[in-house]
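To start, the structure under review is shown below, and the notes come after it.
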Amino acid sequence: MKERMNYAAVSPDGFRALLGLEQHVRQSGLEHKLLELVKTRASQINGCAYCLDMHTKDARAAGETEQRLYGLSAWREAPYYDERERAALAWTEAVTLVSETHVPDEVYEEARRYFDEKELVNLTLAVVAINGWNRMAVAFRKTAGTYQVPA
């Protein structure tokens with residue numbers, strides 16, 4: 001698949017705005033491995049090959065296991081995610097699929113059991129950010145397989 005355009009070069013201010021949101025999420029205090037699971041799950045739903053490549057590499061670099069990454073699309077049936085991760089994954093799916101789910105009350109209540117208000121807002125910002133990145137990468141056909149984990 002041929003990349004349509006380099007969106008970062010075409011709109012550097014827009015790109016920096018997305019990077020600013022990403023920087024906030026990274027500094028929010030949420031666990032790095034949890035954020036990578038959330039980013040990977042949203043990218044699976046959105047069919048973003050570039051982001052799947054990036055976030056599975058970043059997750060492995062952070063110590064995530066192959067088993068948990070491979071089982072992520074079936075996390076409800078897999079025994080190796082804790083309750084906080086399950087709440088985050090359910091929240092991620094509901095927010096990513098907002099036009100279908102309208103983020104049900106029961107998903108919100110479960111998320112609130114494991115995340116305080118600030119954490120839940122920051123988790124939601126993480127989902128907003130990855131959905132934005134997914135849409136940019138899919139729309140402009142960002143080439144998958146080229147991402148290298150920073151040293």
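Taken together, the values in this text are just the output of simple stated rules run on the coordinates, not laboratory data. Just so you know, these numbers come straight off a predicted model, no measurement behind them. No Cβ is skipped: glycine too gets one built from the backbone with ideal geometry, and neighbour counts run over all protein chains shown.
List of remarks:
- Selection within region 133-151 - surrounded by 15 or more Cβ atoms within 10 Å (Cβ to Cβ) and under 17 Å from the mean Cα position of the chain (by Cα): Trp133, Asn134, Met136, Ala137, Val138, Lys142, Ala144, Tyr147
- Scanning region 66-85 for residues that are in contact (Cβ under 8 Å) with a residue 12 or more places away in the chain and either more than 18 Å from Ser43 (Cα to Cα) or in contact with a Phe, Trp or Tyr (Cβ under 7 Å, 6 or more places away or on another chain) (or both) yields a count of 7.
- All positions within region 22-37 that are over 18 Å from Glu66 (Cβ atoms) and either buried (at least 17 other Cβ atoms within 10 Å of the Cβ) or under 11 Å from the mean Cα position of the chain (by Cα) (or both): Glu22, Val25, Leu30, Leu35
- All helices (runs of 4 or more DSSP H) inside region 12-71 with 2 or more residues being among the β-branched types (Val, Ile, Thr): 32-46
- Residue match in region 80-97 (condition: under 21 Å from Ala129 (Cα atoms) and assigned to a loop (DSSP other than H, G, I, E, B)): yes
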